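The values are calculated or read from the model by the stated rules, or taken from the named source; none is laboratory data. Since the structure is predicted, the reported quantities are computational estimates derived from the model, not experimental observations. Cβ placement follows ideal geometry from the backbone for every residue including glycine, while neighbour counts extend to all protein chains displayed.
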Amino acid sequence: MDFSSPPAGGSGVNRDELMDQVKSQIAIANAQELLQKMSDKCFKKCVTKPGTSLDNSEQKCIAMCMDRYMDAWNIVSRTYSTRLQRERGKI
Amino acid sequence: MSNFGGDDKIDPVLRQMIQEEQIKAQFQAQVHKFTDQCWDTCVGDSRLGNKLDYRTEACLQNCVERFLDTTISVTNRFTQLLQRGAAGGMH
């Protein structure tokens, strides 16, 4: 993430506007990462014999795979967060 | 983290807010990495259903925890090896 260039508008940009930009850039990057991972995993899982188009069963598989990947993501997120809190409690 | 060309010129409240967003972004990046690895380990080639079964959920949780344990083990042992001056053939 590159913060080395000054925000557009220089000193005219107020703090809230800047923070909104930062948060939204981070959210976009996060969504892009998720989309890329889901495409990778679900292609591998669902499109084993690439044809001339995605057939119905492949599309259903991809949709299901996306839902399961997001479930997995949420489980990992909760587990990691809980673990961090536990580690912090030990300090 | 790059320093915006002079820390003393940055509003300290803004800097604090940006650091918080960076910490959150680092957390998200780790979740992406763990989900990527643990999906392969726990879901892998198995069939997907309308939800993740209990075994897969447990596997995902264990995978995250054990990966963190591994990182801690590796770090601790490496520190010991360095202190003993016996870190393989490293000079």
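Of all the residues that make up the stretch B:22-51, how many are surrounded by fewer than 16 Cβ atoms within 10 Å (Cβ to Cβ) and either among the hydrophobic types (A, V, I, L, M, F, W, C) or closer than 30 Å to A:ASN14 by Cβ (or both)?
Selection size over the stretch B:22-51: 6.
State the number of residues belonging to the stretch B:18-40 that are under 13 Å from A:LYS41 (Cα atoms) and facing another protein chain (nearest Cβ under 9 Å).
Matching residues across the stretch B:18-40 total 6.
Identify all residues within the stretch A:23-37 that are within 13 Å of B:GLU21 (Cα to Cα) and surrounded by fewer than 11 Cβ atoms within 10 Å (Cβ to Cβ); write none if there are none.
A:SER24
For (1) modelled with pLDDT of 95 or more; (2) touching a helix residue (DSSP H, G or I) at 6+ places or on another chain (Cβ under 8 Å); (3) of a type in the set (Lys, Arg), each residue gets a yes or a no:
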| position | (1), (2), (3) |
| --- | --- |
| A:MET1 | no, yes, no |
| A:ASP16 | no, no, no |
| A:GLN21 | no, no, no |
| A:ALA31 | yes, no, no |
| A:MET38 | yes, yes, no |
| A:CYS65 | yes, yes, no |
| A:GLU87 | no, no, no |
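May I ask you to verify whether B:THR56 is buried (at least 18 other Cβ atoms within 10 Å of the Cβ) and in contact with a Phe, Trp or Tyr (Cβ under 8 Å, 6 or more places away or on another chain)?
no
Among the listed residues B:PHE4, B:PHE27, B:PHE34, which satisfies the condition of being under 27 Å from A:ALA27 (Cα atoms) and at pLDDT below 95?
Result: B:PHE4 is the single residue among B:PHE4, B:PHE27, B:PHE34 that is under 27 Å from A:ALA27 (Cα atoms) and at pLDDT below 95.
Looking at the stretch B:41-77 only, could you name the residues that are more than 10 Å from chain A (Cβ to nearest Cβ), more than 16 Å from A:ILE75 (Cα to Cα) and over 13 Å from the mean Cα position of the chain (by Cα)?
Within the stretch B:41-77, B:SER73, B:VAL74, B:THR75, B:ASN76, B:ARG77 qualify.
Is there a residue being within 30 Å of A:ASP40 (Cα to Cα) and surrounded by 14 or more Cβ atoms within 10 Å (Cβ to Cβ) anywhere in the stretch B:68-90?
Yes; the residues of the stretch B:68-90 include at least one that is within 30 Å of A:ASP40 (Cα to Cα) and surrounded by 14 or more Cβ atoms within 10 Å (Cβ to Cβ).
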